[in-house]
Structure formats: C-alpha cells, structure tokens
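The values are calculated or read from the model by the stated rules, or taken from the named source; none is laboratory data. Since the model is a prediction, treat every value here as computed from it, not as a measurement. Heads up, the Cβs are rebuilt from the backbone with ideal geometry, glycines too, and the neighbour counts pull from every protein chain shown.
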C-alpha cells in the first residue's frame, strides 16, 4: 500500500485520474461528497509537481474529463456527438483556473497567500462560468453537497459558492501544510473544515422562518414520453395529452386549490401570441383559459410559445419574412381566473441544445450575410423575470436549466416571490443520474433563499422541498401522478437574497490582487516553495 501511495503521489497521470474519479464519485446520486477534499488535495499536488502552467493543464485535463464523464455522461442522451463535445469542451475550460493556480503556487512567497489566491481563483472560475453563453454551472463544487443540507445551511448568506470556498480553502491550506515546517496551515485547515458545518448544524437545528399563510397547490406529473414521441408524448394528439394532465390535476384538486402547476412542455402544442391558422393551438389556448376560470385558480404550464412582432418593434434576429416577424421561446404560461394570460420566457438556455452561443456576435461579424443566424439560433432568449400570481401570492416558473442559476432566482425573490416554482422535462436523459442531480440542486435553492420549492417534472422527480433543504414530497421517476400540498408563504429575505454575489465579487478582488503581484513582483519558484 505504501508503494502504491508513493506511486500515485509522484506520478502525474495517476494524480490526475485519481482526482477525477474521486470528484465523480462525490457527486449525486453517490453519497460520498466528502471525496471532494482528497480529490482537490491531489489536484494541488499535481499542480505543484509540474514545471509549467501548460504542463499542469495538460496533465489535469484527463482527470477533468473523467470527472465530467462520471457526472454528466447523460448528456449523450440528447446527441452522442453533442454530449461528447460538451464534456471535452467543459473539461478544457476547467484547465484555465488550473493554470492560474499553478502560477500562484510557483510565484508567490507566502503559503497563506498561495492558499487564499488559489481558492479565490476557483471561486472566480465557477462564478464567471455561469455568466457567459457557454454557461455550465452543473459541476460547481457546492452541488456535490446538495443531498447533505444539514451541513451547508450557511449558503443562505454566501450562496452555493460558499460551499466551494469551504472545500478549496480547506484543501489548499492542507496542501500548503506539506510545504512548510509550520503547523499553522494545518490548524487553519482543520478550523475551516469544522467551523462551516458546525455553524450549519446550529442553523439547521434552530431554523424558524416566519410564514405568511399558505397556498394550496396541485402539482402534476403527466409522464409524457417525449424522448420517444416528441410530438404528443405517446398520445394520438395534443387533445388526448391535454386530457391526461387535466384529469390527474382534477383528481387531487379541491375548491380551495389556488394554483395548479404543470411541467415544462406540459402543453403538447405550441401557443401563439396572436390567433393563427392552427386549430389545435387556438382551441387548447381557449380551453385552458376557460378551465382556469372554471376552477377559479391560476394554471401554470410550460409550452413552446410563438410571439409575433410589429415590423417597427421586432427584436434583432427575428424569424420570418415580410410583415410577420416572430421568435419562439421555451416559455411558461399562467392562465388566470379572469381569462388573462401571463408569459415568462426562459432566460438561461442550454448552450447549443436550446440556443447557439454568441449568436448576436456571430451575426454582427457576418457582414456579407452568408448565414441566416435568425433561422439557426433555436429558442429566443427571455430577459424579464416575469412572476405569476395565485391568490395574490407571487411565484416564478423557473424552466429546467433556469433553476441552477441562483443569481437569476434571486431576481424573482427580490420581486416578492413567496415560494419558488420549478418546471422541467427531465425525461429526455432517461433513467440516468441527470434527473436525480437536477432534483437535488433544487435543495440548494431552498436553503439560499429560505423558500419552499414546488417542483413539477414531466417524468419526475416532482416534489416539495422546505427552506432547510429537506424533502417533504418526492415522486417516483417515470410515473404518472399528481399531488396536493399547502405551500407555506415566506417573504423574509436572506443575506444572500439581499446582497447577492458578494462572495465572488470579493474573490475577484483577491484574484486581481494576486495577478498584480505576479505581474510586478518577480518571485522565483524555488523561493516560493521554500518559504514559510
């Protein structure tokens, strides 16, 4: 065993692959989140024994690919080529912070400064990676702890990046302890390791969030087989599919129900902003308006929504020709008892699958109009955090990928959302770990904002999550079902909902300071290594 440990410790490829395997096994549904600590410890060792930043990236890349494969292999369920490309590309992006962490390791004198700047670098990577057109926050380290809510309650102040801070700082300090005779980094690492979960356990055991009544809500899980039958989910037409979700909703609805929630793609036909020559779309739209009025409630559902524009007000890259420019959106519609309709257009679109990245930039540089980017962009992007109301209570309809972007969720909470609603269609990736991870991540949103979470998934997992991240209702995957729940309403604002991304902003300052030191102080690597 000793020889094996020494072999791994001194072999670059073994360090890389070992770290990747440990990171993969730390992710839901595996119950081993603590493995992120030895994984990052091995990454720091790999960084340290490389001779250049480029070499560090080169050797880290295979391990990062392994991590991505174990956790997000289900992406190939969409398209094999697209899934493989996404895994390779995301792994490549991860090498950028690795290279900067290498420079801090080799060029800075202080072991404390190395640990702090390396931690800040990784936090910056995770934060910035969810801001651009290739955003992919799925593998942010905090997500590994989604199923251990009792130990991460502090994210109500820091956001989920606080978990990443905890993980990387603990391992960075621990590794720096191997570079010096001083025991102080060891003590600091142990203190950081223990203080975060201890604070969390106190919060978890004493949590008492003031509620302002409740809202009787029905959640439907129609279990359309949209992977095999993309049009009508296995039914003969949109009317038959609609009858199914109406029936299961009505089976649990009472006269006191104020909100019915259907999943993403809950309506199996597109809906138009104006009346068009589409009989099914027109009739189903009218039927749902009448049903909301009959039931005297708000009916919330996902749908593909076509919006037409006047020529003078058409957005750039609108589709269509002549006098009928339009865009289509992955959207949610709220049908109100007074027969009015509210529309939310999905903001966070899955790169490539739902929208071509950098589409406006590509269109701008195509000065000869060689490519019709309007026709290949896929879904239009929404920019307004439109909330829905049920009996005067606001909630949102976060559509699938929206729910892993806490800064976007925060805009709804600041606007007065009394609870969080997520609608999704997780059937396309089959019975893989993807739908389990997605459900688990919703627990982090509940903690960050101290809100109840209502989740409607086409094939599952649907459920109810309380403000501590504990699961109150959880449906089985790939079943047709519906349930009713009195959802407590909360308006109290957490520190995170008030102050937002203060943590990554502070990390950007620290990283910038570290980069300035790299630029203006010519430290020798060997001096940095021997410094205490």
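The table for this structure:
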{"item": "Enumeration of residues in segment 409-449 that are buried (at least 24 other Cβ atoms within 10 Å of the Cβ) and assigned to a loop (DSSP other than H, G, I, E, B)", "result": "426"}
{"item": "Criterion: in the same structural domain as residue 453 (by the TED database), surrounded by 14 or more Cβ atoms within 10 Å (Cβ to Cβ) and closer than 30 Å to residue 152 by Cα - qualifying residue of 221, 270", "result": "221"}
{"item": "Any hit, segment 223-241, residues being outside any loop (DSSP other than H, G, I, E, B), at negative phi and touching a strand residue (DSSP E or B) at 6+ places or on another chain (Cβ under 8 Å)", "result": "no"}
{"item": "Enumeration of residues in segment 296-313 that are more than 14 Å from residue 334 (Cα to Cα) and surrounded by 18 or more Cβ atoms within 10 Å (Cβ to Cβ)", "result": "306, 307"}
{"item": "Matching entry among 32, 37 (being at pLDDT 95 or above, in the same structural domain as residue 188 (by the TED database) and within 21 Å of the chain's Cα centre (by Cα))", "result": "32"}
{"item": "Residue check for residue 153: assigned by the TED database to the domain that holds residue 37, in contact with a helix residue (DSSP H, G or I) (Cβ under 6 Å, 6 or more places away or on another chain) and part of a loop (DSSP other than H, G, I, E, B)", "result": "yes"}
{"item": "Every pair of residues 6+ apart whose Cβ atoms lie under 7 Å, when the first sits in segment 83-106 and is outside the structural domain of residue 58 (by the TED database) and in contact (Cβ under 8 Å) with a residue 60 or more places away in the chain while the second is surrounded by fewer than 21 Cβ atoms within 10 Å (Cβ to Cβ) and outside any helix (DSSP H, G or I)", "result": "none"}
{"item": "Hits in segment 307-329 (condition: touching a strand residue (DSSP E or B) at 6+ places or on another chain (Cβ under 6 Å) and either within 30 Å of residue 392 (Cβ to Cβ) or assigned to a helix (DSSP H, G or I) (or both))", "result": "307, 329"}
{"item": "Of residues in segment 199-218 being out of contact with any helix residue (DSSP H, G or I) (no Cβ under 9 Å at 6 or more places or on another chain) and outside any loop (DSSP other than H, G, I, E, B), the one surrounded by the most Cβ atoms within 10 Å (Cβ to Cβ)", "result": "217"}
{"item": "Residues of segment 180-197 satisfying the condition of being surrounded by fewer than 12 Cβ atoms within 10 Å (Cβ to Cβ) and touching a helix residue (DSSP H, G or I) at 6+ places or on another chain (Cβ under 9 Å)", "result": "183"}
{"item": "Pick from segment 246-272, criterion closer than 14 Å to residue 484 by Cα and in a loop (DSSP other than H, G, I, E, B), ranking: farthest from the chain's Cα centre (by Cα)", "result": "255"}
{"item": "Count - residues of segment 1-30 that are touching a residue at least 24 places away in the same chain (Cβ under 8 Å), more than 17 Å from residue 166 (Cβ to Cβ) and in a loop (DSSP other than H, G, I, E, B)", "result": "2"}
{"item": "Selection count where residues are closer than 24 Å to residue 267 by Cα, in a loop (DSSP other than H, G, I, E, B) and in contact (Cβ under 8 Å) with a residue 24 or more places away in the chain, scope segment 450-480", "result": "10"}
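Quick grid of which residues meet (1) within 30 Å of residue 250 (Cβ to Cβ); (2) in a loop (DSSP other than H, G, I, E, B); (3) modelled with pLDDT under 95:
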{"site": "483", "(1), (2), (3)": "yes, no, no"}
{"site": "498", "(1), (2), (3)": "no, no, no"}
{"site": "504", "(1), (2), (3)": "no, no, no"}
{"site": "510", "(1), (2), (3)": "no, no, no"}
{"site": "523", "(1), (2), (3)": "no, yes, yes"}
